[in-house]
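The values are calculated or read from the model by the stated rules, or taken from the named source; none is laboratory data. Fair warning: this is a prediction, and the values are worked out from it, not measured in the lab. When we count neighbours, we look across all protein chains shown, and the Cβ atoms used for this are built from the backbone with ideal geometry, even at glycine.
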């Protein structure tokens, strides 16, 4: 009996002591995550005691981009400090000067963080988007060789983009127009950009536009991007992913999706090695990397080539497809803009120019309003909506904010593009004219204010290619077809590493007379 009383007394004492300690911690960390110190000289976004913004961020995990926007718009600052239990403390900013400082002026001090790399490693490995230092430099140098004017003008435009647009028209759009059926525009345009980029980059024709079936690689690629992003933003992301096979046994697991992706990527590599062994010559992206050397001076392993393939596919497929999908959506919401763009298209691109790749390339370069529409869509719906870097050493941002070694600095192109602090009271309006100067010339904002293609030494290598493909597709599709939104659908973004429409974009297709 005495021993029992003693044990009960000890348990009660431990409970009281634990409660007291928790209470003391809650008093000290009354508005932030436990063990997160409040920073001087930078506004702290208040959260729950001990947990910070964890529960709010989890609750808004599907609208995280607007969560960021709300925080920065409701405070009278552009840079702030945020704590979330289970995640590294973050400096969040929409200040163009801070973005330029991180991406350009003090580029060498800011790198991809260990956590971000680990959270995306199963998908991207050590490819260009996850790499730092020499590992990044050699990949960028090898890839840069295919991005030149001659390729754009003479090969990409006519022999790839227009050719596959014709396939899309013949195999899908014309049939749907005749049958009066709708299409998921995002799904179709994903197939188009996957087909074109896999051919441009890796010399493989998939035939993705020849049927209405889902491409297994594309389905798994999208699922893995979503998984990666949820791991990054939520302390429970990895747990939800681990429980998915139990909660949703009919869905493929993350591991099964990676297997589908690996089979696709390694298949491309094996096929190319066999072709090279037979004496064939190629000058595409894959061949450039097969002849490149890594920082150790060695030929790239199959795993390094696999990482390269997947990193460039996300750049070549997702950027253009998502921007085109959002563009069609915004045009259908704004008939005035569509009419003005269509007038420019009809005036600039007679039928015969479609068959003359160099002429089409030169014409599209001069279409100011088409570019303005494209840029305005990227302002409101940037393909890479948020990003972050880790500081290697202590630093000071242009506004005086002190950055400590190991701090994560976040910026959001989505929040920046919609911020009234940066774009004025009409920031939430779709207004392509903001990109046209008073004399009618195209005006492009600084990359720091509009980081749709990143900035500094890591500025997007393929931005000219993505813009060209997007405008070739947009102008020719508008010239040939009139689209109409299927009523009753919910148009929202999906949280991912990129910026897709969550439920696709269902539209009716009608041939123009």
Determine, yes or no, whether residue 497 is buried (at least 20 other Cβ atoms within 10 Å of the Cβ), modelled with pLDDT under 95 and either within 23 Å of the chain's Cα centre (by Cα) or farther than 30 Å from residue 159 by Cβ (or both). yes
With a cut-off of at least 1 residues that are surrounded by fewer than 17 Cβ atoms within 10 Å (Cβ to Cβ), name the helices (runs of 4 or more DSSP H) lying wholly within the stretch 272-348. 302-313, 319-333, 335-348
Got at least one residue in the stretch 96-117 being under 22 Å from the mean Cα position of the chain (by Cα), over 21 Å from residue 51 (Cβ atoms) and without any contact (Cβ under 8 Å) to a residue 60 or more places away in the chain? yes
Has the stretch 121-140 got at least one residue that is within 30 Å of residue 362 (Cα to Cα) and in a helix (DSSP H, G or I)? yes
Give me a count of the residues in the stretch 62-87 that are more than 20 Å from the chain's Cα centre (by Cα) and surrounded by 19 or more Cβ atoms within 10 Å (Cβ to Cβ). 10
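Would a scan of the stretch 249-256 turn up a residue that is part of a helix (DSSP H, G or I) and surrounded by fewer than 19 Cβ atoms within 10 Å (Cβ to Cβ)?
Yes - at least one qualifying residue is present in the stretch 249-256.
Among residues belonging to the stretch 421-445 that are over 24 Å from residue 78 (Cα atoms) and touching a strand residue (DSSP E or B) at 6+ places or on another chain (Cβ under 7 Å), point out the one that is modelled with the lowest pLDDT.
443
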Does residue 159 qualify as being out of contact with any helix residue (DSSP H, G or I) (no Cβ under 6 Å at 6 or more places or on another chain), modelled with pLDDT under 85 and under 30 Å from residue 292 (Cβ atoms)? yes
Just name the residue that is nearest to the chain's Cα centre (by Cα) out of those in the stretch 42-61 that are part of a loop (DSSP other than H, G, I, E, B) and at pLDDT 85 or above. 53
Among the numbered conditions (1) modelled with pLDDT under 95; (2) surrounded by 18 or more Cβ atoms within 10 Å (Cβ to Cβ), tell me where residue 355 comes up short. (2)
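Does the stretch 142-157 contain any residue that is touching a strand residue (DSSP E or B) at 6+ places or on another chain (Cβ under 7 Å), assigned to a helix (DSSP H, G or I) and either in contact (Cβ under 8 Å) with a residue 12 or more places away in the chain or within 30 Å of residue 487 (Cβ to Cβ) (or both)? First the steps, then the outcome.
The initial filter retains those residues of the stretch 142-157 that are touching a strand residue (DSSP E or B) at 6+ places or on another chain (Cβ under 7 Å), namely none.
Within the stretch 142-157 (the criterion being touching a strand residue (DSSP E or B) at 6+ places or on another chain (Cβ under 7 Å), assigned to a helix (DSSP H, G or I) and either in contact (Cβ under 8 Å) with a residue 12 or more places away in the chain or within 30 Å of residue 487 (Cβ to Cβ) (or both)), the answer is no, since none of the residues qualifies.
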All positions within the stretch 95-118 that are more than 15 Å from residue 389 (Cβ to Cβ) and crowded, with 18+ Cβ neighbours inside 10 Å: 96
